[in-house]
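Taking it in order: structure first as structure tokens, then the write-up.
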Amino acid sequence: MPLEFLFGKKKTPEELLKQNQRALNKAIRDLDRERAKLEQQEKKVIADIKKMAKAGQMDATKIMAKDLVRTRRYVKKFIMMKANLQAVSLKIQTLRSTNSMAQAMKGVAKALGRMNKQLNLPQIQKIMMEFEKQSEIMDMKEEMMNDAIDDVIGDEEDDEESDAIVAQVFDELGLSLTDQLADLPANDSSLSTASRAPKQPQAAAAGNGDLDADLQARLDNLRRD
């Protein structure tokens, strides 16, 4: 604390680079102002040289010509100094960018280190194995449920699918199922009903005959007793 009070707080490299870059930018602006003044003075000297030459004052004209040469030389020097300062400023900017990148990489490295310490590979492997196991169990249950559902409603779906296929075939042939059924002979139904009708009395007669035989057998047994 006393040292900071006497000499000020110690600056970081980033702050030092920023301070130096501000100083360089200020120097570049000052050089631009001085160069602009010299260029204005150069124009004035040229005008005075022309004026003295017209007046025939050769000595004054020679002196002003030397002054013009020196002015142009100073303007050239200022341009070169500005270029050098800009090159230094660019280097400082590069250093700042490099320092920022290094600080960012340092932070990323610390974060990665913390993440690596928190990662427990055996535990993660165990979790993944358990997840795979539960996924397989769920797939098996889902397959069993689908099989059960197919057993219950599968026949109806097959019938609907077969009807759809038949209808599609008739559509491709340009026919309709109702037309095909209408073309069937009407006597078939009557024949089928007629053929079935005599069977019912025969079955009834056979059943009555069995009952009568059973009753007759019981009566005979009673008479014998």
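Using alpha carbons only, the radius of gyration of the range 1-91 set against its Kirkwood radius gives Rg/Rh = 1.33. Over all other residues within a Cβ to Cβ distance under 13 Å of Asp147, the charged ones net out to -4, with Lys and Arg as +1 and Asp and Glu as -1. A Förster radius of 22 Å combined with the Cβ-Cβ distance from Ala65 to Asp32 puts the calculated FRET efficiency at roughly 0.25.
Extension gain, Met80 to Gln19, is 19.7 nm, computed as 0.36 nm per intervening residue step minus the present C-alpha separation.
Close Lys pairs in the range 13-54 (alpha-carbon distance under 20 Å; sequence gap of 8 or more, or different chains): 5.
Readers should treat all values here as calculations from the given coordinates under stated rules, not as data from a laboratory. Remember, predicted model here, so these are calculated numbers, not experimental data. Backbone-built Cβ (ideal geometry, glycine too); neighbour counts: all protein chains shown.
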